[in-house]
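Asks: One structure follows; several queries about it will come next.
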Amino acid sequence: MPYAHITGWGMSVPSKVLTNEDLSKMVDTNDEWIRDRTGIRERRIADERQSSASLGAEAAIAALKIADLLPSDLDLIICSTSTPEHIFPATACIIQDKIGASKAGAFDLSAACSGFIYGLNMGAQAIRSGSVKNVLVIGTETLSRFIDWKDRNICILFGDGAGAFVLQASEKPGGAFGAVMHSDGSGSDLLSIPAGGSRNPASELTLRTGMHFIHMDGKEVFRFATRVMAGATLEAVEKSGWKLEDLAIIVPHQANQRIIDAAARGLKLPIEKFMVNLDRYGNTSTASIPIAAVEAVQQGKLKSGDKVVFVGFGAGLTWGALAAEWTGPLEPAHHVVKPEWYPWFAPVRSFLRRAGRLIEGLIFGRKA
Ligand code: UT7
């Protein structure tokens, strides 16, 4: 059975920074309250040209560059997002087109902030089954588009960004090991965007009552999060046949410093074992774990051969953890063509495919 190695990683965040100071001019809040209660200092906000697909595509290309893999080598793209471009088609397909991943299947995965863990596990399982070799897992969000900027309970927490991992099959032991995925739909009302789906389609009423914005019972989500983080981490470690002491680092979902502190206390581990960068990005939902992992590598906290656990929780309710041995790139392929060139050619390919469909329609008619 092949192992699923993490061989590439990348991130993309908007350049626009929104500080606590900026927010204090918009709603009744202040820097001290936000830092004390959450640990967040600033977050990134997408501009009008950026979207979940554009950020996801940039993170994907960065990850492919590290893996030295071409988009056309990909068999599967899994895009985890709670802020997709549309209800359908899948944002994964838009990214597939943007990066020119001509052979890849593509689908979206909706498990909120736990989505990247779910996606990694699904990608790894697909590799282990032998049905695919190269998988791209993306976590991308433009949460700013679903925030009521007058709601101080919500607008201080979230930010935009994307992260991506490349998973590759290899007979060499390593990569993804034990993983757990959990859910409890009885808490589905605790964190949601109530309208815009089939239950409450968009209407003048849903717009007027702000039902298309993120709604949350912060206290309940907080209590739930502090209960599940340590347990899920332990489950993934035990499933891998490891001990907590084996871990070089834990990369948790970046929601609130106090939640991460509680997980550290629950596991009786020093806080230094946890990668934290929520002070600069806020909560980027499913993108927070891959963004934190990329920065952990950049800061030398996560190296080849290290044992790591990724652990998250979120709307659904969902939670989960995945244990992995960090690999780094496999043997470099030394392609003459570079993955970063693909986004230049992909629009041409996309245009030719659209033109081909148009010409075919003109010649043969549009009847089935
Ligand atoms: O990915 C999962 C996403 N969600 C989460 O992770 C959220 C989990 N929950 C949390 O992180 C915390 O519950 C929050 C940060 C959302 C809130 O912190 P809290 O310690 O639970 O505060 P609270 O809601 O109990 O509010 C305490 C006080 C209240 O005032 P009173 O009633 O004590 O007078 C609030 O009205 O703070 C007030 N408050 C604020 N004050 C200044 C609430 N939001 C703000 C604010 N600025 N932004």
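Asks: For the range 74-223, just say rounded, prolate or oblate: build the C-alpha gyration tensor, square-root its eigenvalues into a ≥ b ≥ c, call rounded for a/c under 1.5, and beyond that prolate if a/b exceeds b/c, oblate if not. Could the numbers behind the result be given before it?
Replies: Numbers: a/c = 2.45, a/b = 1.74, b/c = 1.41.
Taking the square roots of the gyration eigenvalues as a ≥ b ≥ c, the range 74-223 is prolate.
Asks: Which value results for Rg/Rh of the range 228-368 when Rg is the Cα radius of gyration and Rh the Kirkwood radius based on the inverse mean 1/r? Intermediate values should be presented prior to the final figure.
Replies: Numbers: Rg = 21.9 Å, Rh = 18.1 Å.
Result for the range 228-368 is an Rg/Rh of 1.21.
Asks: Another question, then. Which far-off residues, 5 or more places away or on another chain, put their amide H under 5 Å from the one on Phe274, with H placed in the peptide plane?
Replies: Close amide H contacts, sequence-distant or interchain: Ile250.
Asks: Say each of Leu352 and Glu238 gets a label point 7 Å from the Cα, pointing the same way as Cα to Cβ; how far apart are those two points in nm?
Replies: In this crude label model, Leu352 to Glu238 measures out at 5.5 nm.
Asks: In the range 283-338, which trypsin sites (Lys or Arg not before Pro) fall in coil by DSSP and have 15 or fewer other Cβ atoms within 10 Å? List each step's numbers first, then the result.
Replies: On the way: sites: Lys301, Lys303, Lys307; in loops: Lys301, Lys303.
Answer by residue number: Lys303.
Asks: What is the distance in Å between the Cα centres of the range 1-54 and the range 57-129?
Replies: About 21 Å separates the Cα centre of the range 1-54 from the one of the range 57-129.
Asks: Restricting to DSSP H runs of at least four residues, report the calculated mean residue ellipticity at 222 nm for the chain, -39500 (n - 2.57) per run over all residues, nearest 500 deg cm²/dmol. Don't skip to the answer; put the middle values down first.
Replies: On the way: 12 runs with 132 residues, N = 368.
Calculated at 222 nm, the ellipticity per residue is -11000 deg cm²/dmol.
Asks: Now for a different question. For the chain, what is Rg from Cα atoms divided by 2.2 N^0.38 Å, rounded to two decimals? All intermediate terms of the calculation are to be shown ahead of the outcome.
Replies: Numbers: Rg = 20.5 Å, N = 368, 2.2 N^0.38 = 20.8 Å.
Cα Rg divided by the expected 2.2 N^0.38 Å: 0.99.
Asks: Of the peptides 117-127, 158-168, 32-42, how do they stack up when ordered by the mean number of other Cβ atoms within 10 Å, highest first?
Replies: Details: 117-127: 24.5, 158-168: 29.8, 32-42: 17.2.
Ranking the peptides 117-127, 158-168, 32-42 by packing returns 158-168, 117-127, 32-42.
Asks: Given Lys243/Lys301; Lys65/Lys98; Lys65/Lys243; Lys243/Lys273; Lys239/Lys268, which pairs have Cα atoms separated by over 22 Å?
Replies: Details: Lys243/Lys301 19 Å; Lys65/Lys98 16 Å; Lys65/Lys243 33 Å; Lys243/Lys273 14 Å; Lys239/Lys268 19 Å.
Where the Cα-Cα span goes over 22 Å, the pairs concerned are Lys65/Lys243.
Asks: Further, regarding this structure: If packing is taken as the average count of other Cβ atoms within 10 Å, what order do 332-341, 106-115, 183-192 fall into, highest mean first? Intermediate results must be reported in sequence, preceding the final value.
Replies: Details: 332-341: 11.6, 106-115: 23.7, 183-192: 14.6.
Listed from highest to lowest mean packing, they are 106-115, 183-192, 332-341.
Asks: List the lysines whose Cα sits under 22 Å from the Cα of Lys25, skipping any in the same chain fewer than 8 residues away.
Replies: Cross-link targets: Lys16, Lys150.
Asks: Okay, moving on. How many angstrom lie between the Cα centre of the range 230-273 and the Cα centre of the range 307-368?
Replies: 31 Å
Asks: Over 12 Å apart: what share of the alpha carbon pairs of the range 178-218 falls there, rounded to a whole percent?
Replies: Percentage above 12 Å: 65.
Asks: Let me know the charge dipole size of the chain about its Cα centre in debye, to the nearest 20, where only the beta-carbon of Lys, Arg (+1) and Asp, Glu (-1) is charged.
Replies: Numbers: 39 positive and 39 negative charges, 120 e Å.
Using Cβ point charges on Lys, Arg, Asp and Glu, the chain gives about 580 debye.
Asks: Which percent, to the nearest 5, of DSSP beta bridges fully inside the chain are antiparallel?
Replies: Details: 37 of 53 bridges.
Rounded to the nearest five, the antiparallel share is 70 percent.
Asks: I need the calculated FRET efficiency for the pair Ile359 and Lys103, taking r as the beta carbon distance and R₀ as 30 Å, to the nearest 0.05.
Replies: Numbers: r = 24 Å, r/R0 = 0.79.
Step by step, r from the Cβ atoms, then E = 0.80.
Quick note: the coordinates plus some simple rules give every number you see, no bench work behind them. Quick caveat, the model's predicted, so the values are computed rather than measured. Don't worry about glycine lacking a Cβ; one is built from the backbone with ideal geometry, like all the others, and counts go over all protein chains shown.
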